[in-house]
1. Condition first: closer than 19 Å to B:Ala136 by Cβ and among the small types (Gly, Ala, Ser). Now tell me which residues in the range B:1-21 satisfy that.
2. If only one of B:Val102, B:Val71, B:Val106, B:Val82 is at pLDDT 95 or above and part of a strand (DSSP E or B), which one is it?
3. Any residue that is assigned by TED's automatic domain parsing to the domain that holds A:Asp58 and within 16 Å of the chain's Cα centre (by Cα) - is there at least one of those in the range A:159-167?
4. Which ones in the range A:155-180 are over 29 Å from B:Ala197 (Cα atoms), of a type in the set (A, V, I, L, M, F, W, C) and not in a loop (DSSP other than H, G, I, E, B)?
5. Taking B:Val150 and the conditions (1) under 21 Å from B:Leu16 (Cα atoms); (2) surrounded by 18 or more Cβ atoms within 10 Å (Cβ to Cβ); (3) assigned by TED's automatic domain parsing to the domain that holds B:Ser97, which numbered condition does it fall short on, given that it satisfies the others?
6. A:Leu52 versus (1) assigned to a loop (DSSP other than H, G, I, E, B); (2) closer than 20 Å to A:Leu163 by Cβ: which is the lone unmet condition?
7. If we keep just the residues of the range B:88-106 that are crowded, with 18+ Cβ neighbours inside 10 Å and out of contact with any strand residue (DSSP E or B) (no Cβ under 8 Å at 6 or more places or on another chain), which is farthest from the other protein chains (Cβ to nearest Cβ)?
8. Quick one: is A:Asp143 assigned to a helix (DSSP H, G or I), at pLDDT 90 or above and out of contact with any strand residue (DSSP E or B) (no Cβ under 9 Å at 6 or more places or on another chain)?
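The values are calculated or read from the model by the stated rules, or taken from the named source; none is laboratory data. Everything quoted here is computed from the prediction, not taken from an experiment. Positions of Cβ are generated from backbone atoms using ideal geometry, with glycine treated the same way; all protein chains shown enter the neighbour counts.
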Number of protein chains: 2
Amino acid sequence: MSAPIYNRIALIGLGLIASSMAHAIRRGGLASEITGYARSAETRDTARRINLCDRVCDTAAEAAQDADLVVLCVPVGAMDAVMADIAPVLKPGATVSDVGSVKRHVIDAVQPHIPEGVHFVPAHPLAGTEHSGPEAGFAELYDNRWCLLVPVEGSDRAPVDRLRQLWEGMGANVDEMDADHHDLVLAVTSHAPHLIAYTMVGVADDLRRVTDSEVIKYSAAGFRDFTRIAASDPTMWRDVFLTNKDATLEILGRFTEELFALQRAIRTGDGEHLHQYFTRTRAIRRGIIEAGQDTAAPNFGRETKS
Amino acid sequence: MSAPIYNRIALIGLGLIASSMAHAIRRGGLASEITGYARSAETRDTARRINLCDRVCDTAAEAAQDADLVVLCVPVGAMDAVMADIAPVLKPGATVSDVGSVKRHVIDAVQPHIPEGVHFVPAHPLAGTEHSGPEAGFAELYDNRWCLLVPVEGSDRAPVDRLRQLWEGMGANVDEMDADHHDLVLAVTSHAPHLIAYTMVGVADDLRRVTDSEVIKYSAAGFRDFTRIAASDPTMWRDVFLTNKDATLEILGRFTEELFALQRAIRTGDGEHLHQYFTRTRAIRRGIIEAGQDTAAPNFGRETKS
């Protein structure tokens with residue numbers, strides 16, 4: 001166990017991402033103290049019961065007081081209000097970061113509140129599961145996953161490098177990119193796929209001629225792979241789509257165009273077009289496995305139930 | 001180990017489905033002898049090397065000769081030709097079955113070739129992985145998965161019940177339904193999801209502003225769940241879309257309609273609509289887990305690499 005990277009870390013919001021951070025910070029001995037805050041009294045009670053943090057506070061300001069690092073782990077649409085709450089208590093030299101899935105909007109919402117002498121280093125760990133809440137977290141969530149740092153213009157190097165050390169200490173690989181590129185990359189790799197999964201699952205649920213129980217029983221034929229990401233937190237995802245609107249709509253436009261081309265190939269019986277397309281997509285999967293970002297085991301290595 | 005259900009079973013085509021059948025049949029002691037045939041000499045050599053069947057034959061007719069059950073495990077578009085090859089050698093009282101993902105087309109292609117005194121019981125096991133070929137098979141593939149039997153009109157009960165016993169012996173649950181309903185259910189639970197996954201992966205690969213390496217590195221944010229089913233066998237899937245054209249296009253039409261409604265909600269900032277939609281889809285996932293058709297472990301229970 002190495003020396004702590006921060007003395008006190010405050011986690012504002014205690015969902016899957018924050019609770020996994022708490023476990024990973026403790027695993028690595030990366031902070032001397034972790035404080036936490038959640039808006040709902042029920043979540044705070046749960047966090048206390050499972051001893052998630054050293055101290056769970058009843059206000060965001062109390063948790064942020066004297067913290068060396070404050071991490072905003074709330075839905076993107078709630079960043080503005082929570083930042084306004086804690087701004088008055090931030091100590092000089094402290095760093096504020098976040099874990100939002102959208103970066104341009106978060107920067108616009110948070111930066112105006114950052115006091116003189118406080119650093120702001122936006123971040124986004126590319127990890128998650130379909131489960132939510134303080135009990136969903138686990139220390140290994142960030143192992144071998146990427147965390148993207150999106151430093152704002154003119155920011156000091158030292159707080160960026162220190163935050164990088166923290167994420168590396170939690171097991172992540174760290175890259176840096178600018179906010180607009182981040183939002184486009186995530187529209188492709190995350191936001192559009194989530195919306196498409198939500199849509200497919202919604203369609204299946206809507207059909208009257210195929211019953212719900214049939215959809216559920218026979219889901220192993222492909223459909224169930226979509227349901228995992230379509231089970232993600234509804235509030236978080238509502239905010240993502242509303243705040244990364246342009247990039248998401250652009251990728252969805254490209255998707256629709258491509259889908260229409262494949263539909264036309266089906267309608268006209270153009271097997272050659274379909275076969276070429278499906279051969280190309282297979283190679284992408286190989287790349288992901290070679291890059292260590294997924295398992296090569298069949299069916300994601302799901303355990304077979306017998 | 002129970003008594004064999006068939007004396008000789010012939011597997012025509014030796015890909016993932018047939019090779020898993022061979023392992024599961026042996027595990028259960030369900031046949032006295034398994035013969036096999038594959039079109040490519042390379043596949044036959046591999047099957048011989050790994051001792052997949054008791055006897056790998058150089059022609060389909062040789063494998064089917066004297067078999068009590070012949071299972072056509074070739075892509076849907078190849079059923080017609082292979083059935084024409086074996087029809088002359090089928091013995092009276094034998095049963096022909098298949099494992100095609102589309103049933104109406106297979107019935108139309110196969111049934112005209114079925115000789116007097118031979119039974120035909122179409123089937124479709126709802127199981128698979130993203131891997132192909134004789135070495136991809138494993139005995140547990142069908143455990144707790146569904147196999148749909150689609151008896152043709154006027155067929156005898158005895159051969160249907162016997163085939164049911166075989167699939168149950170291989171670990172599967174068995175349901176029966178008619179061909180048109182099967183093709184619609186599968187368009188929802190399998191064919192449309194596969195086409196959508198192929199499309200999303202193709203779009204990501206096409207974009208120039210987001211590089212391939214970015215898509216691959218950052219895929220854990222959601223995209224990688226799509227790549228598994230978009231890595232499925234291109235020939236098999238080409239044939240599925242060409243032969244279940246109407247049902248697939250109908251579901252894709254519904255999908256596009258729904259996607260447009262969500263895009264409009266994003267564009268107009270209708271957060272309420274999005275939140276409601278995403279809450280509803282979450283419930284479907286719970287149903288699938290309660291039905292034992294997927295794991296509740298986060299990320300499908302993928303092992304964390306560290």
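1. The answer is B:Gly13, B:Gly15, B:Ala18, B:Ser19, B:Ser20.
2. Numbers: B:Val102 fails: part of a strand (DSSP E or B); B:Val106 fails: part of a strand (DSSP E or B); B:Val82 fails: part of a strand (DSSP E or B).
One residue alone meets the criteria, B:Val71.
3. Within the range A:159-167, the subset assigned by TED's automatic domain parsing to the domain that holds A:Asp58 is A:159-167.
Within this subset, residues satisfying the condition of being within 16 Å of the chain's Cα centre (by Cα) are A:167.
Yes, the conditions are met somewhere in the range A:159-167.
4. A:Ala158, A:Val160, A:Leu163, A:Leu166, A:Trp167 - these are the residues of the range A:155-180 that are over 29 Å from B:Ala197 (Cα atoms), of a type in the set (A, V, I, L, M, F, W, C) and not in a loop (DSSP other than H, G, I, E, B).
5. (1)
6. (2)
7. Checking each candidate, the answer is B:Val89.
8. Values: assigned to a helix (DSSP H, G or I): no; at pLDDT 90 or above: yes; out of contact with any strand residue (DSSP E or B) (no Cβ under 9 Å at 6 or more places or on another chain): yes.
Here the answer is no, as A:Asp143 does not meet what is asked.
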